[in-house]
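Every read-out reported here was derived from the displayed coordinates using simple, explicitly stated rules and does not represent laboratory data. If you're wondering where the values come from, they're calculated on a predicted model, not measured in any experiment. Quick reminder, even Gly has a Cβ in these numbers, built from the backbone with ideal geometry, and neighbours come from all protein chains shown.
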């Protein structure tokens, strides 16, 4: 079978094991159902996720012109502490920014390879944790806007990492920790503006990914440099496809790539 479409990050559903779906414009694939099968990826062209034009992707699935102009790619996306909608100040589009920033956000701990702190909209839990390949995660605070989440994350980054070691995550070199204990250690470092939102009673969530076999060593596939690949799919974790020969493919990093996907 062959499918063709522009890559976006896989949609997920949390069950006993995470279910993954590759969504194209006119079709979709339940990726769990093709585990153990040989699949091929053939890069055809670029297509910006915003303007839809065949222009080279710059970042986050957008061409350069769109990335530097649309509100969905403002600096506050990657750096929540730069959010200004709560001050009624515009970055690129105040209406969009108010809708995105002035809603409940969660600062959390996630354990993918090491414990890291992160920020997400409340509506993105547990999707955000799944996308990071976290096998366990827990909330620290739930605040009413993105700015408060951002300054909390910045304060906690002095005491816990904000990065994931993706290589260890994909080879399953992970530790199981008591995240409630780790959260409690950080309580004193929460900024005064966010202390009232501390979630000391939340339990950690455990997540199991559909992986038949973890690689011992990994090599990355970049379709921009190597436009065709074929291999046996052995697992999915985070937004990565894991193949039998140790090749790993980051779907999120290929948003905006139009690809023909074959299944044998």
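Quick notes
- Among the residues making up region 227-245, those that are surrounded by fewer than 17 Cβ atoms within 10 Å (Cβ to Cβ) and part of a loop (DSSP other than H, G, I, E, B) are 227, 244, 245.
- Options 27, 95, 75; residue that is surrounded by fewer than 16 Cβ atoms within 10 Å (Cβ to Cβ), over 27 Å from residue 162 (Cβ atoms) and touching a residue at least 12 places away in the same chain (Cβ under 8 Å): 27
- Exclusive hit being loosely packed, with under 15 Cβ neighbours inside 10 Å, over 22 Å from residue 110 (Cα atoms) and touching a residue at least 12 places away in the same chain (Cβ under 8 Å), set 224, 200: 224
- Residue check for residue 261: assigned to a strand (DSSP E or B), closer than 18 Å to residue 9 by Cα and in contact with a helix residue (DSSP H, G or I) (Cβ under 8 Å, 6 or more places away or on another chain): no
- Qualifying residue in region 100-108 (condition: out of contact with any helix residue (DSSP H, G or I) (no Cβ under 8 Å at 6 or more places or on another chain) and within 28 Å of residue 251 (Cβ to Cβ)): no
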